[in-house]
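Okay, so here's the structure we're looking at.
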Amino acid sequence: MNFARFTRRAAMAATLLTASLVNQAFAQDAWPTKPVTMVIPFSPGGSTDLIGWLITQELSKELGQNVVTEYKPGAGGLIGATAVSQAAPDGYTFVLSGVASNIIAPVKANSEIDPINDFTNVAVIGGGPTVLVVHPDVKVSTVKEFVDLSKATAEGLSVVNPGIGTTAHLFLEMFRAETGAKMVPIAYAGSGPAAADLVANQVPYGFMTLIAVSEFVKSGQIKLLGMSSEARSPLFPDVPTLRESGFPNLIGTSWFSISAPAGLPQDIAKKMNATVNKILADKTIRDKLISESVEVSQPLDLKGVDAFFKAELDRWSPIIRAMPK
């Protein structure tokens with residue numbers, strides 16, 4: 001552990017000690033007694049924003065207090081996640097993101113935040129695949145044709161992604177290594193701006209989450225070539241998976257979750273966990289998420305959430321560390 005991380009851990013230990021002295025007061029309050037901030041660590045208009053809007057609206061109803069969205073984009077979600085990890089563990093600051101900001105970005109950046117020990121991870125929402133998309137004017141219709149075109153382009157194809165350290169960026173690098181495609185990654189500060197430039201044909205190729213571009217695909221503004229899921233999406237049954245396209249190692253999903261700073265009082269963590277699980281069990285909410293290309297998670301208690309995070313960290317860390325710097 002480096003000195004900066006050590007001193008940060010010491011400061012956090014002092015904060016947690018202070019927090020433990022006031023936990024009884026928190027427990028006696030009917031939390032929440034004031035508005036709750038939900039940090040979205042990406043720009044407005046992306047997949048996290050879409051899910052965040054729906055979940056925060058329902059949380060506001062269930063908790064009886066406004067859950068207010070605050071955007072803190074940058075560094076693949078790391079800026080927002082770091083801000084939340086350093087906030088007071090009082091139940092009034094959470095981050096809605098998941099694998100991008102809380103697993104991939106910290107490991108890739110070798111950051112000082114620990115995905116497990118610096119957060120109280122309270123709920124898993126669900127997720128969806130990463131997809132290879134192009135503007136409709138591009139004269140390719142399959143993943144193989146895209147790879148062949150890239151290899152025939154001397155300088156390589158400029159390909160957008162939602163940001164360095166995002167799941168889509170990770171899959172772009174995995175795809176390049178697996179297929180030998182010649183690509184120049186163009187990182188944005190979120191899915192919204194990246195999708196907008198794809199639609200405008202400013203950059204005609206992209207790796208994005210299906211959640212971020214599904215409406216544009218349905219409207220014909222973006223063409224979908226392949227996806228990273230194990231099976232085809234029921235919303236786009238004619239689109240093959242990357243595995244079906246001849247690349248069996250390119251499988252994985254981008255998932256979303258809710259986390260708080262480490263040291264969150266257990267009663268608040270349990271209440272937030274139960275509330276999110278209740279929201280996700282509602283058929284209307286599930287159908288809405290499914291219509292937006294989100295595969296809803298099975299309900300997990302706090303121990304289940306911890307186990308899920310640890311398993312995902314173990315799964316992705318070797319892959320992330322093997323990526324080009």
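The values are calculated or read from the model by the stated rules, or taken from the named source; none is laboratory data. Given the structure is predicted, the values throughout are model-derived calculations rather than measurements. With ideal geometry, Cβ positions are generated from the backbone for all residues, glycine too; neighbour counts draw on all protein chains shown. The area values use the complete protein model at the heavy-atom level, side chains included, leaving out ligands, DNA and RNA. Shrake-Rupley method; radii C 1.70, N 1.55, O 1.52, S 1.80 Å.
Numerical summary
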{"read-out": "Distance (nanometres) between label positions extended 7 Å along Cα→Cβ at Ser317 and Lys139", "value": "4.9 nm"}
{"read-out": "Relative contact order %, the chain, counting alpha carbon pairs below 8 Å whose residues are six or more apart", "value": "25 percent"}
{"read-out": "Selected from Val138, Val217, Val147 as most flexible by GNM, with the chain as the system and alpha-carbon contacts under 10 Å", "value": "Val138"}
{"read-out": "Cα-Cα pairs of segment 24-174 separated by more than 27 Å (percent)", "value": "35 percent"}
{"read-out": "In nm, spacing of pseudo-spin labels at Asp148 and Ser60 (7 Å Cα→C-beta vector)", "value": "5.2 nm"}
{"read-out": "For segment 105-200, convex hull volume per residue from C-alpha positions, Å³", "value": "132 Å³"}
{"read-out": "Net charge dipole size for segment 112-247 [Lys, Arg +1 and Asp, Glu -1 on Cβ; Debye, nearest 20]", "value": "440 debye"}
{"read-out": "Heavy-atom surface of segment 116-189, accessible at 1.4 Å and reported per residue (Å²)", "value": "34 Å²"}
{"read-out": "Estimated Rh, segment 173-325: Kirkwood, alpha-carbon pairs, angstrom", "value": "18.0 Å"}
{"read-out": "Separation of the Asn249 and Ile186 label points, Cα + 7 Å toward Cβ, nm", "value": "2.8 nm"}
{"read-out": "Of Val159, Gly74, Ala177, farthest towards positive along the dipole that unit charges on Lys, Arg, Asp, Glu beta carbons give the chain", "value": "Ala177"}
{"read-out": "Accessible carbon and sulfur surface of the chain relative to its total accessible area, %, 1.4 Å", "value": "55 percent"}
{"read-out": "Estimated dipole of the chain in Debye, rounded to 20 [Cβ of Lys and Arg +1, of Asp and Glu -1, Cα centre]", "value": "360 debye"}
{"read-out": "In degrees, nearest ten, helix 266-281 long axis to first principal axis of the chain (Cα)", "value": "40 degrees"}
{"read-out": "Nearby lysines by direct alpha-carbon distance to Lys34 (threshold 29 angstrom, same-chain neighbours under 8 apart not counted)", "value": "Lys61, Lys72, Lys270, Lys271, Lys278, Lys283, Lys288, Lys303"}
{"read-out": "q = 0.15, 0.16 Å⁻¹: log10 I(q)/I(0) that the Debye formula gives for the chain, counting C-alpha atoms only", "value": "-1.18, -1.32"}
{"read-out": "Those trypsin sites (Lys or Arg not before Pro) in segment 108-162 that DSSP places in a loop and that have at most 16 other beta carbons within 10 Å", "value": "Lys139"}
